[in-house]
Amino acid sequence: MKKLKIDLTNLNEVFPEDFSQEQIAKGKTLFLKKMAEDAHHFYGGKIQTVPKAGVFGFNWFNVWYTPGVSKISTTIRDDNNTSFDLSNRGNFVAVVSDSTRVLGDGDCTPPGGLGVMEGKAFLMKYLGGVDGIALCVDSKNEDGKNDPQKIIDFVKMCQHSFGAINLEDISQPNCYKVLDTLREECDIPVWHDDAQGTACVTLAGLINALKLAEKKIGDVKIVMLGAGASNTTIARLIVTAGGDPKKMYLFDSKGGLHMGREDIKADERFYRKWELCESTNPEKIDTFAEACKGADVMIALSKPGPDTVKPEWITSMAEKSIVFTCANPVPEIYPYAAKEAGAFIAATGRGDFPNQVNNSLGFPGILKGALLVRAKKVTDNMAIAAAYSLANYAEKRGIDPENIVPTMDESGVFAVEAADVAMQAIKDGVARIEMTWDEAFQKAKADIDYSRGMTKCVMDNGFIDSPPDDMLQNAIQWAVDQVK
């Protein structure tokens, strides 16, 4: 395999020495977007279908297809659960989206979400040893409005081909109804990664950040900018993990969430937000700047920055403040600016900055764990178990203010996370089969090693070619020119 001349993990080093931190941050964003465009053109996307069984002679076609496969159909007909053993269903996840809220770009039309959904399937395979497929659907009804029932019906119809469903990039309030309905009405796990996945990894980061700040989750004041699927679920998991809702303050585009928000109460589609109105912000604070005063933790998943969060808001926070600004593709404030304003720990959703608090650390292991025991759903307890699994894994190998959670290249974390989630599924009574922690770990590890080994094999043998060096050089130069 040809070695690239530019290591994408050291982007800071490729920009001119006279660039400021702000210019480097902007340049990296532009470079990564340009590289994504060019690399996707080069490869034609990033997922393909490859057989997992061999062809050892002509008659093997008759084994894998007709007439031999008739036995598989009738066996599954007589016992649907055998589909998990006799097909790829037990390791197969559908990534379903109507693409109405893709990253920070909003409604991108159904096919516009394919890049993200293929990316999700890519990470599932490489990090978790799980097969995934992108299914971007049109949820508009005859009136041109996005109808959550259309997504619900689609998933219920196709669930029999999959071991789990990963919902992604569905705008609120539709995302609440889609997830809550499907969790109860499907026989397989239905997981909303923007909500539960982001919440799980954010909780993991918060657990370790609080350890470093020597603060307890039940004592801290937490302010949250943005009240969409991610932050509302983060709030719920924090409370379940011991946070005090009376010390939590959530804000949407119209102000603080509290009992005085009649606009939220009047719209039954926002029932998840109203639940938080009932339990948080007892003082009915309506401005985020006011709520930040003396706060220990800020968690922002709102409008992309870098000027969405003001430095003075961070300066007004308590000592050893913890700031998570996780909007995509650009955080609400860059981490260097947050640190300059007084933050003790700063995290974002991006891997090109320290402390990537991103759902990519969660879903590969969580879904793998659920699939291992053929879980019927992913419970909140399973998500919290994954959060503690991630936090503990990082703590054992060492944490500091610039390194609070594992990174995606720490391959060992996903098998551990999968095993911990599988054990919690058994405890919660949602597993179809039982196994020991070590059995779950060894199976997850074997599947992950297989996926990584297969990828390396096809790269080493030229079936996946390296992008040309001039692609990287051109993208860097283009980004530099745009920033100057």
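The values are calculated or read from the model by the stated rules, or taken from the named source; none is laboratory data. All values reported here derive from a predicted model rather than from experimental measurement. Cβ atoms come from the backbone with ideal geometry, glycine included; neighbour counts cover every protein chain shown.
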The residue from S360, S411 that alone is surrounded by 19 or more Cβ atoms within 10 Å (Cβ to Cβ) and over 27 Å from M317 (Cα atoms) is S360
Conditions (1) modelled with pLDDT under 95; (2) at positive phi -> N328 fails only (2)
Filtering the stretch 372-388 down to residues that are under 26 Å from L103 (Cβ atoms) and crowded, with 24+ Cβ neighbours inside 10 Å yields V378, M382, A383, A386, A387
Picking from A289, A338, A343, the residue that is under 20 Å from I399 (Cβ atoms) and outside any loop (DSSP other than H, G, I, E, B) would be A338
By residue number, the members of the stretch 452-479 that are surrounded by 12 or more Cβ atoms within 10 Å (Cβ to Cβ) and among the aromatic types (F, W, Y) are W478
When the stretch 105-157 is checked residue by residue, the ones that are of a type outside the set (A, V, I, L, M), over 16 Å from the mean Cα position of the chain (by Cα) and in a helix (DSSP H, G or I) are P110, P111, G112, P148, Q149, K150, D153, F154, K156
Among residues of the stretch 10-60 being without any contact (Cβ under 8 Å) to a residue 40 or more places away in the chain and within 28 Å of I333 (Cα to Cα), the residue nearest to the chain's Cα centre (by Cα) is E37
Residues in the stretch 313-335 that are within 16 Å of the chain's Cα centre (by Cα) and either in a helix (DSSP H, G or I) or under 19 Å from T287 (Cα atoms) (or both) total 2
In the stretch 151-173, anything charged (D, E, K, R) and over 22 Å from G115 (Cα atoms) is listed as D153, K156
Subset of the stretch 389-402, residues under 17 Å from V323 (Cβ atoms) and exposed (fewer than 15 other Cβ atoms within 10 Å of the Cβ), comes to D400, E402
For this session: Would you check if V421 is assigned by TED's automatic domain parsing to the domain that holds C200, among the hydrophobic types (A, V, I, L, M, F, W, C), surrounded by 24 or more Cβ atoms within 10 Å (Cβ to Cβ) and not in a loop (DSSP other than H, G, I, E, B)?
Result: yes
Those helices (runs of 4 or more DSSP H) completely within the stretch 169-284 that have 1 or more residues that are touching a Ser or Thr at 6+ places or on another chain (Cβ under 9 Å) are 174-185, 198-213, 229-240, 271-279
